[in-house]
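*Asks:* Let me begin by handing over the structure; questions about it come next.
The values are calculated or read from the model by the stated rules, or taken from the named source; none is laboratory data. Predicted model, so just to flag it, every value in this text is computed and none were measured. Ideal geometry is used to build each Cβ from the backbone, glycine not excepted, and the neighbour counts take in all protein chains shown. When the accessible area is computed, the model is the full protein with side chains, heavy atoms only, and any ligands, DNA or RNA have been set aside. Shrake-Rupley method; radii C 1.70, N 1.55, O 1.52, S 1.80 Å.
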Amino acid sequence: MKKYILSSLAVLSAATMFTSCNDMLDTDPRVTEMTAATFPGKPADVEALNAATYSIMNTLGGGDQSQLLNNPFYWWSLMSDDCYGSGGLQDFVAKSLHHFTMADANQYEFDWNLLYGGISRANNQIETIDNVKWTDGENNAQRKQLLGEGYFMRGLYTFWLTQMYGDIPLITSTAITAESYQQVSAEEVVYPQIFSDFISAKNLMKAERANGSGHADKYCAEAFLARAYMFWAGFYKGVGELATGSAPSVDLVEQEGCAAGSLSKQDVIDGLKDIVSNGGYKLLKDFRSLWQYSNSLLWAEAHDNEDGTGNKEGTHGYAFIADMDPADCFDKPGNGNGNTEELFQIQFMNASSWNIGGNYNNPRMYSNYLSCFWGLRNGASNQNGDRNLTYPFNQGWGQGTPSCNIWDDWTIAENNGNYTDKRKKASMIDLDNELVGYTYEKDDCEESGYSVKKYADVNLDACAANNDTWWSKCDGYKDPGSLGNKMQGDHFEDFYLMRYSDVLLMLTELTGEASYMNQVQRRAGVPETAYSLKAVQDERRWEFAFEGLRFNDMRRWTGKGCSNSDYAPKALDAQDGKQIVCLGQKGSKRSLKHMTCTWGERYKATDGFLPKPQNQISLHNGGLEQNPGWDTSDPKTQYKALY
């Protein structure tokens, strides 16, 4: 277990190094003898810059700002039909996202600043790498790897910005000019640069698996190139079914690792097939092995009596994992963090502190704060967090809970096919049936009766107290120090950004060859099917539930400028009228409704983009235009309390 607790030590030192580096560049060179012309001066300096570029992801995945987790994949989960805003009456940001509204003109600014900060770090890494006197052989191979990682991270951060905000300024240099502040067409200008960055990355980086190190490799670049291409082709070029259609070739930007030329659909397919043939990735045998609730300590509690039901006096036991092979537990080699199907992820470690501050060093950045946001809001007799009512899961904010839609749609698919999909109960907690003592908080909103199981925080009978976590019983765990709050600080499950199952499903969608999709279906215990776009759409929804991919999948299957009958608005409007629990009133459910108009209307008005922050529009002095559908004078854009 020790490697899971401490695997991201480099990230902590990276953030510290970058802060120190900034300080040194601002001080008198007669004292430090370090300037922009002399730093980096050795390979270790570039490694520190590289780690600082990655550390932006920790603030995305681990920090919260203005009552909302910074993770864009969490934002996209809330904007899809798979989650509600939920939370308490005061949790307006989550509900704003779900209803495509805003309570403040700068409500969605944090990720804008953070991602451009990451791009700045990547640009600095790319531009200064040859300050180092690289030599031939192994030393030069290190240069190429570090340069490739710089291109990869710049492409990744830019990709996320375009998916969130649309047409944006394209920043490819640390030298910022007036022209740099002008937004450009994402479709025609930004995406060719994103593709070029990923191609540079794949041609420069090693063709070796990163093996859970947290670093990118050639195969990461090929996988994200495919994800970006499929979004561009579907959303901007209107290619709704990629197996039978194709977008025009894209002219690339000439830079190191990317020769002048073009990118085609076949190039993308070839890259994915390279991952399958040479990457060494494989699906885990048991889908549950991906998630921390399958850890061996909880498994042991399910086997603490002879019949394996976990009903020994004084204990609970979690029957859902009792049938697992113990070798498949989350914390066993090849599973969990750093597993064999994990291409790229955000890693965490127990080093959180309330004393870490600033935009890039959020107080809880080293903890996977998603576990806290998706935690349970049990409110029985003011016993929030009492594990007798929630075992084996822990307390949290209860924001972004699963919608009735995903449970209902999944159940319909199972009934129509006469099968049971193992992933449904492996991904969601059925509160009324799995947690018999669970009751709803008196100020909760938009509760569906379900909670996310994938990233759920886990308690043990072996733990000393409520809101302790299973991680505290692992080798290598240390007290979180000044944070001193296990509920908020002790979450170290990787957040998956790319899994091998995504590679397989992207290949089926691009080629129409069902054999790749069939591998994913076999593991889930569902019937293998022939290719159809509907089959791929369903498999992606079930396989990646609550991993943040659904919303942008919906967008690319819809295309820009849609009608009511298109995929995204139709799916979003299906939420209307669902029976939800509000204000703890389980016995008197109410119908869900949109707070200002309809989900379909808000989606069509915005095409799924967030508003550009007003602060940034002002700072750019005419270089930024607000996205359509976000005129603050329109009451349909403004948050309105429903409960």
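*Asks:* Looking at this structure, is K604 at negative phi, out of contact with any His (no Cβ under 8 Å at 6 or more places or on another chain), part of a helix (DSSP H, G or I) and surrounded by 16 or more Cβ atoms within 10 Å (Cβ to Cβ)? Working first, answer last.
*Replies:* On the way: at negative phi: yes; out of contact with any His (no Cβ under 8 Å at 6 or more places or on another chain): yes; part of a helix (DSSP H, G or I): yes; surrounded by 16 or more Cβ atoms within 10 Å (Cβ to Cβ): yes.
Yes: the conditions hold for K604.
*Asks:* Looking for something buried (at least 24 other Cβ atoms within 10 Å of the Cβ), part of a helix (DSSP H, G or I), hydroxyl-bearing (S, T, Y) and touching a residue at least 60 places away in the same chain (Cβ under 8 Å) - is there at least one such residue anywhere in the stretch 163-173?
*Replies:* So the first thing to find is which residues in the stretch 163-173 are buried (at least 24 other Cβ atoms within 10 Å of the Cβ), and the list is none.
No, the stretch 163-173 has no match at all.
*Asks:* For L504, indicate whether it is at pLDDT 95 or above, hydrophobic (A, V, I, L, M, F, W, C) and open to solvent by 20 Å² or more (accessible area, probe 1.4 Å). If you could, list the steps in order and put the result at the bottom.
*Replies:* Numbers: at pLDDT 95 or above: yes; hydrophobic (A, V, I, L, M, F, W, C): yes; open to solvent by 20 Å² or more (accessible area, probe 1.4 Å): no.
No; evaluated as a whole, the condition is false for this residue.
*Asks:* Just to be sure I understand, how many residues within the stretch 89-120 are open to solvent by less than 20 Å² (accessible area, probe 1.4 Å), of a type outside the set (S, T, Y) and either assigned to a helix (DSSP H, G or I) or closer than 30 Å to G41 by Cα (or both)?
*Replies:* Residues of the stretch 89-120 open to solvent by less than 20 Å² (accessible area, probe 1.4 Å): 91, 93-102, 108, 111-112, 114-115, 117-119.
Then drop every residue that is not of a type outside the set (S, T, Y), which leaves 91, 93-95, 97-100, 102, 111-112, 114-115, 117-119.
Next cut, either assigned to a helix (DSSP H, G or I) or closer than 30 Å to G41 by Cα (or both) only: 93-95, 97-98, 111-112, 114-115, 117-119.
Total meeting the criteria: 12.
*Asks:* Out of S277, S289, I need the residue that is at pLDDT 95 or above and either out of contact with any helix residue (DSSP H, G or I) (no Cβ under 7 Å at 6 or more places or on another chain) or in a loop (DSSP other than H, G, I, E, B) (or both). Which one? Break it down stepwise before answering.
*Replies:* Values: S289 fails: either out of contact with any helix residue (DSSP H, G or I) (no Cβ under 7 Å at 6 or more places or on another chain) or in a loop (DSSP other than H, G, I, E, B) (or both).
From the options S277, S289, the qualifying one is S277.
*Asks:* Filter the stretch 199-227 for residues that are within 19 Å of the chain's Cα centre (by Cα) and modelled with pLDDT of 95 or more and give the result.
*Replies:* Of everything in the stretch 199-227, those that are within 19 Å of the chain's Cα centre (by Cα) and modelled with pLDDT of 95 or more turn out to be A216, D217, Y219, C220, A221, E222, A223, F224, L225, A226, R227.
*Asks:* Continuing with the same structure: Being crowded, with 21+ Cβ neighbours inside 10 Å and assigned to a loop (DSSP other than H, G, I, E, B) is the filter here, so list the residues in the stretch 450-463 that pass it.
*Replies:* Passing the criteria: K453, K454, Y455, A456, D457, N459, L460.
*Asks:* Right, here's the next one. If only one of A221, A247, A207, A243 is touching a helix residue (DSSP H, G or I) at 6+ places or on another chain (Cβ under 8 Å) and buried (at least 21 other Cβ atoms within 10 Å of the Cβ), which one is it? Lay out the reasoning, then the answer.
*Replies:* Working: A247 fails: buried (at least 21 other Cβ atoms within 10 Å of the Cβ); A207 fails: buried (at least 21 other Cβ atoms within 10 Å of the Cβ); A243 fails: buried (at least 21 other Cβ atoms within 10 Å of the Cβ).
Answer to the check: A221.
*Asks:* Here is a follow-up. Go through the stretch 257-274 and count every residue that is out of contact with any strand residue (DSSP E or B) (no Cβ under 6 Å at 6 or more places or on another chain), crowded, with 16+ Cβ neighbours inside 10 Å and not in a helix (DSSP H, G or I).
*Replies:* 2
*Asks:* Continuing with the same structure: Given the condition within 27 Å of A186 (Cα to Cα), of a type outside the set (D, E) and in contact with a strand residue (DSSP E or B) (Cβ under 9 Å, 6 or more places away or on another chain), answer yes or no: does some residue in the stretch 138-150 qualify?
*Replies:* No, the stretch 138-150 has no match at all.
*Asks:* What's the number of the condition N433 fails, among (1) open to solvent by 50 Å² or more (accessible area, probe 1.4 Å); (2) modelled with pLDDT of 95 or more; (3) assigned to a helix (DSSP H, G or I)?
*Replies:* Result: N433 passes all but (2).
*Asks:* Report, by residue number, each residue of the stretch 607-630 that is more than 30 Å from D576 (Cβ to Cβ), assigned to a loop (DSSP other than H, G, I, E, B) and in contact (Cβ under 8 Å) with a residue 24 or more places away in the chain.
*Replies:* H620, N621, G623, L624, E625
*Asks:* Kindly indicate whether any position in the stretch 516-523 is without any contact (Cβ under 8 Å) to a residue 24 or more places away in the chain, charged (D, E, K, R), open to solvent by 30 Å² or more (accessible area, probe 1.4 Å) and not in a loop (DSSP other than H, G, I, E, B). Talk me through it step by step, then tell me what you get.
*Replies:* At the first step, the residues of the stretch 516-523 found to be without any contact (Cβ under 8 Å) to a residue 24 or more places away in the chain are 517-518, 521-522.
Retained after the next criterion (residues that are charged (D, E, K, R)): 522.
Within this subset, residues satisfying the condition of being open to solvent by 30 Å² or more (accessible area, probe 1.4 Å) are 522.
Subsequent filtering for residues that are not in a loop (DSSP other than H, G, I, E, B) retains 522.
For the stretch 516-523, residues without any contact (Cβ under 8 Å) to a residue 24 or more places away in the chain, charged (D, E, K, R), open to solvent by 30 Å² or more (accessible area, probe 1.4 Å) and not in a loop (DSSP other than H, G, I, E, B): present.
*Asks:* Moving to a separate point now. What about Y496, is it buried (at least 23 other Cβ atoms within 10 Å of the Cβ), outside any helix (DSSP H, G or I) and modelled with pLDDT of 95 or more?
*Replies:* Values: buried (at least 23 other Cβ atoms within 10 Å of the Cβ): yes; outside any helix (DSSP H, G or I): yes; modelled with pLDDT of 95 or more: yes.
When the stated conditions are applied, Y496 passes them.
*Asks:* Out of the residues in the stretch 174-188 that are of a type in the set (S, T, N, Q) and not in a loop (DSSP other than H, G, I, E, B), state the one that is modelled with the highest pLDDT.
*Replies:* Of the stretch 174-188, the ones of a type in the set (S, T, N, Q) are 174, 177, 180, 182-183, 185.
Narrowing the set further to residues that are not in a loop (DSSP other than H, G, I, E, B) leaves 180, 183.
Working: S180: 86, Q183: 97.
Of everything passing the filter in the stretch 174-188, Q183 is modelled with the highest pLDDT.
*Asks:* Separate question: Looking at (1) assigned to a loop (DSSP other than H, G, I, E, B); (2) of a type in the set (V, I, T); (3) open to solvent by less than 50 Å² (accessible area, probe 1.4 Å), can you tell me which one I580 breaks?
*Replies:* (1)
*Asks:* Considering only the stretch 136-151, how many residues are surrounded by 17 or more Cβ atoms within 10 Å (Cβ to Cβ) and among the hydrophobic types (A, V, I, L, M, F, W, C)?
*Replies:* Adding up the residues that qualify gives 2.
*Asks:* Here's a follow-up. Residues to consider are G358, G396, G379, G336; find the one that is modelled with pLDDT of 90 or more and of a type in the set (G, A, S).
*Replies:* Values: G358 fails: modelled with pLDDT of 90 or more; G396 fails: modelled with pLDDT of 90 or more; G379 fails: modelled with pLDDT of 90 or more.
The conditions single out G336.
*Asks:* What number goes with the only condition from (1) modelled with pLDDT under 90; (2) over 22 Å from the mean Cα position of the chain (by Cα); (3) open to solvent by 40 Å² or more (accessible area, probe 1.4 Å) that Q67 does not pass?
*Replies:* If we test Q67 against (1) modelled with pLDDT under 90; (2) over 22 Å from the mean Cα position of the chain (by Cα); (3) open to solvent by 40 Å² or more (accessible area, probe 1.4 Å), just (2) comes out false.
*Asks:* Return the residues of the stretch 384-408 that are of a type in the set (G, A, S) and either closer than 19 Å to K578 by Cα or open to solvent by 10 Å² or more (accessible area, probe 1.4 Å) (or both); say none if nothing qualifies.
*Replies:* Kept after step one, since they are of a type in the set (G, A, S), are these residues of the stretch 384-408: 385, 396, 398, 400, 403.
Scanning the stretch 384-408 gives G398, G400, S403.
*Asks:* Would you confirm, using the coordinates I've provided, whether E543 is under 26 Å from D91 (Cα atoms) and not aromatic (F, W, Y)? If you could, list the steps in order and put the result at the bottom.
*Replies:* Details: under 26 Å from D91 (Cα atoms): no; not aromatic (F, W, Y): yes.
No: the conditions fail for E543.
*Asks:* If you check A226 against the conditions, is it touching a Gly at 6+ places or on another chain (Cβ under 7 Å), open to solvent by less than 10 Å² (accessible area, probe 1.4 Å), among the small types (G, A, S) and touching a residue at least 60 places away in the same chain (Cβ under 8 Å)?
*Replies:* Judged against the criteria, A226 is a match.
*Asks:* In the stretch 174-204, what residues are touching a strand residue (DSSP E or B) at 6+ places or on another chain (Cβ under 6 Å), of a type outside the set (G, A, S) and crowded, with 24+ Cβ neighbours inside 10 Å?
*Replies:* If the condition is that a residue be touching a strand residue (DSSP E or B) at 6+ places or on another chain (Cβ under 6 Å), of a type outside the set (G, A, S) and crowded, with 24+ Cβ neighbours inside 10 Å, then F195, I199 are the ones that fit.
A quick yes/no check of all residues on (1) modelled with pLDDT under 95; (2) open to solvent by 10 Å² or more (accessible area, probe 1.4 Å); (3) within 29 Å of K282 (Cα to Cα):
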| residue | (1), (2), (3) |
| --- | --- |
| A535 | no, yes, yes |
| D538 | no, yes, yes |
| F551 | no, no, yes |
| C562 | yes, yes, no |
| P569 | no, no, no |
| L572 | no, no, no |
| Q575 | no, no, no |
| S588 | yes, yes, no |
